[in-house]
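Trainee: One structure coming up, written as structure tokens, with questions to follow.
The values are calculated or read from the model by the stated rules, or taken from the named source; none is laboratory data. Everything numeric here is computed off the predicted structure, so don't read it as measured data. Note: ideal-geometry Cβ built from the backbone for every residue, glycine included; neighbour counts use all protein chains shown.
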Amino acid sequence: MRAADIPEDITEILLTEEQIHEKLAEIAAQVAIDYEGKNLLLVGVLKGAVMVMADFARLLPGHIAMDWMAVSSYGAGTRSSGVVQIRKDLDTDLHGRHVLIVEDIIDSGLTLSWLLENFASRGAESIEVLALLRKPEAMKVHVDCRYVGFDIPNEFVIGYGLDYAERYRNLRDVAVLAPHVYS
Ligand code: 5GP
Ligand code: MG
Ligand code: MG
């Protein structure tokens, strides 16, 4: 599904699938250099990061390990609660591993800062973050994010894995959700 297929549900197309892929290719080239000779573990944060992970991982050369973590901080609303709950933990022992957390979006930063602290206690050799999107105006806590796709305005966005009440994840583009959908 493309953003043009649901004009009544969105107010603006922020990023097209093509722009996203181009940016992920740039980041992948950088990550390939930064992690050359290292055994990289990508950790995707379910469910929003599924599309980023699928496209990004396939742009990397060599053998890449992937694992998944499911945390929740949102429920069905559009605001971060700050309360993070593990719904599915990793299967991988992080001891001595080079971990790159793959996230869809940094909004308040609360989820990631919690995850970073949690991962740091598991003995990883290094931990970095890749976020496709970041909302600088919404950040409540600073998060060190080594690879950022796009800084976007402080609006609720959907598509490319990002949902509203489990809808719109299969939208290929990233768009701003029309307020009438959630108000
Ligand atoms: P945080 O506020 O903790 O940084 O964001 C936690 C999670 O909330 C993100 O990983 C993402 O899954 C979800 N989220 C944050 N902002 C948005 C948004 O604009 N749209 C959607 N669909 N999800 C968001
Ligand atoms: Mg997420
Ligand atoms: Mg969500």
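Trainee: Please verify whether residue 101 is at negative phi and modelled with pLDDT of 95 or more, treating the condition exactly as stated.
Mentor: yes
Trainee: Residue under question is residue 124, and the condition is that it be hydrophobic (A, V, I, L, M, F, W, C) and crowded, with 17+ Cβ neighbours inside 10 Å; does it hold?
Mentor: Spelling it out, residue 124 is indeed hydrophobic (A, V, I, L, M, F, W, C) and crowded, with 17+ Cβ neighbours inside 10 Å.
Trainee: In the range 4-49, which residues are among the β-branched types (Val, Ile, Thr), more than 16 Å from ligand 1 (Cβ to nearest atom) and under 16 Å from residue 97 (Cα atoms)?
Mentor: Passing the criteria: only 31.
Trainee: Quick one: is residue 52 in a loop (DSSP other than H, G, I, E, B) and either within 13 Å of ligand 1 (Cβ to nearest atom) or surrounded by 15 or more Cβ atoms within 10 Å (Cβ to Cβ) (or both)?
Mentor: no
Trainee: Of these, 1, 69, which one is modelled with pLDDT of 95 or more, surrounded by 15 or more Cβ atoms within 10 Å (Cβ to Cβ) and within 16 Å of ligand 1 (Cβ to nearest atom)?
Mentor: On inspection, the qualifying residue turns out to be 69.
Trainee: Show the residue pairs meeting these rules: Cβ distance below 8 Å; 6+ apart or different chains; first residue within the range 127-156 and over 23 Å from residue 41 (Cα atoms); second residue part of a strand (DSSP E or B) and among the acidic types (Asp, Glu).
Mentor: As it stands, the answer is 135/151; 136/151, since those pairs meet every condition given.
Trainee: Considering only residues that are outside any strand (DSSP E or B) and within 13 Å of ligand 2 (Cβ to nearest atom), look in the range 133-183 and name the one that is surrounded by the most Cβ atoms within 10 Å (Cβ to Cβ).
Mentor: Per the criteria, the residue is 160.
Trainee: A further question follows. Hey, among the residues in the range 89-127 that are assigned to a strand (DSSP E or B) and over 13 Å from the mean Cα position of the chain (by Cα), which one's nearest to residue 69 (Cα to Cα)?
Mentor: 99
Trainee: Related question: The conditions are (1) in contact with a helix residue (DSSP H, G or I) (Cβ under 8 Å, 6 or more places away or on another chain); (2) touching a residue at least 60 places away in the same chain (Cβ under 8 Å), and residue 30 fails exactly one of them. Which is it?
Mentor: If we test residue 30 against (1) in contact with a helix residue (DSSP H, G or I) (Cβ under 8 Å, 6 or more places away or on another chain); (2) touching a residue at least 60 places away in the same chain (Cβ under 8 Å), just (1) comes out false.
Trainee: Show the residue pairs that are 6+ apart or on different chains and have beta-carbon atoms under 6 Å apart, the first residue being within the range 91-103 and over 11 Å from residue 38 (Cβ atoms), the second being away from ligand 3 (no atom under 16 Å from the Cβ) and of a type in the set (Lys, Arg).
Mentor: 94/122
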